[in-house]
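J.: Quick one: structure below, then a few questions.
Any read-out appearing in this document is the output of simple, stated calculations on the displayed coordinates, not a laboratory observation. Just so it is clear, the model here is predicted, and its values are computed rather than measured. All Cβ positions, even for glycine, are placed from backbone atoms using ideal geometry, and neighbour counts span all protein chains on display.
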Amino acid sequence: MQQHRALILRSNRFLGSSLVDKGLITSEDLEAASEKFMGMIQDPETIQNASVLSTLLFDQKTLEEAKLIDLIVEECKIGLVDLSQIQLGSLRPINIDISDCQATWTLPFDVFDGTYMIATCYYLSAPVIKFWEDQIEGDIIWYATSVAAMVRGLEHVQDLHDAEDQAAAEAAAEAAEEAAAAAARKAQLAAAEKSEETGEDT
């Protein structure tokens with residue numbers, strides 16, 4: 001996640017300013033949230049969870065998520081999706097790194113005919129939108145979603161990736177065992193043939 005530090009910083013700074021500009025929080029609210037955010041982003045163990053948004057929502061309770069989502073849907077004219085109602089799959093077939101999603105609180109959840117459906121909690125953060133527009137080779141349909149739904153969605157996808165990694169490791173170990181067994185059988189056969197040849201010579 002350290003490789004995304006600059007992106008996380010820009011994304012959260014821009015989001016915080018947007019929330020103040022929209023009148024959803026005060027400058028004092030943002031200053032307090034930013035202080036905690038900066039502390040978290042300095043620590044490798046907490047950088048993944050560093051978020052001005054989550055701090056405002058759950059720690060300070062100075063931002064109402066319902067108002068934020070209503071504003072995004074009505075003013076920005078994008079849809080709303082509950083990721084818990086979506087059958088999420090692995091991101092690997094579409095060449096998406098989950099660390100990009102975790103850094104930007106954003107998750108592509110479907111793709112059809114070159115058009116990607118992407119949910120985000122950070123639609124008001126221009127660096128997040130630009131990052132994904134640069135990453136995706138195709139059109140994007142944006143959706144707003146709640147922080148809780150995003151957290152559950154990312155955890156589910158991470159579990160899928162972990163299961164894929166475990167299955168791949170087990171398959172590789174099984175293939176290695178089969179290769180070793182085949183090599184051992186070949187060596188035994190060669191030794192037996194050599195013994196027979198030796199016996200014939202005598």
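J.: Straight distance only, please: which aspartates and glutamates reach the Cα of K61 with their own Cα at less than 12 Å, same-chain residues fewer than 8 apart left out?
T.: The reachable aspartates and glutamates, counting only those whose Cα sits under 12 Å from K61, are D29.
J.: When the dipole is taken about the Cα centre of the chain, and only Lys, Arg (+1) and Asp, Glu (-1) are charged at their Cβ, what size is it in debye, to the nearest 20? Before the final figure, lay out each step's value.
T.: On the way: 14 positive and 36 negative charges, 190 e Å.
So the dipole magnitude of the chain works out to roughly 920 debye.
J.: Work out the charge dipole of the chain with +1 on the Cβ of Lys and Arg and -1 on the Cβ of Asp and Glu about the Cα centre, then indicate which of N12, S27, A192 is farthest towards its positive end.
T.: S27
J.: Now for a different question. Evaluate the chain: find the radius of gyration of its Cα atoms, find its Kirkwood radius, and give the ratio Rg to Rh. Intermediate values should be presented prior to the final figure.
T.: Details: Rg = 25.6 Å, Rh = 19.8 Å.
A ratio of 1.30.
J.: Projected area of region 1-51, taken from the Cα convex hull and averaged over every viewing direction, in nm²?
T.: 3.1
J.: Students often forget the sequence filter, so: which lysines lie under 22 Å Cα-Cα from K67 once same-chain residues fewer than 8 apart are removed?
T.: Here the lysines satisfying the reach criterion relative to K67 are K22, K77.
J.: Still on this model: Please compute the Cα-Cα pair-distance distribution of region 86-185 with 5 Å bins starting at 0, giving whole percents from short to long.
T.: Reading upward from the zero bin: 2, 12, 21, 20, 14, 8, 6, 5, 5, 4, 2, 1, 0.
J.: Cut-off is 10 Å between beta-carbons; in what order do L19, L57 appear when sorted fewest neighbours first? Write down the numbers at each step before the final one.
T.: On the way: L19 24, L57 20.
With the fewest neighbours first, L19, L57 line up as L57, L19.
J.: Mean residue ellipticity at 222 nm from the helices of the chain, using -39,500 (n - 2.57) per DSSP H segment of n ≥ 4 over the full residue count, to the nearest 500 deg cm²/dmol? Write down the numbers at each step before the final one.
T.: Numbers: 6 runs with 116 residues, N = 202.
It lands at -19500 deg cm²/dmol.
J.: Next up: Checking the cross-link filter: which lysines have an alpha carbon closer than 18 Å to that of K194, excluding same-chain neighbours under 8 positions apart?
T.: List returned: K186.
J.: While we're here: I'd like the distance separating the alpha-carbon centroids of region 88-106 and region 138-181, in whole Å.
T.: 10
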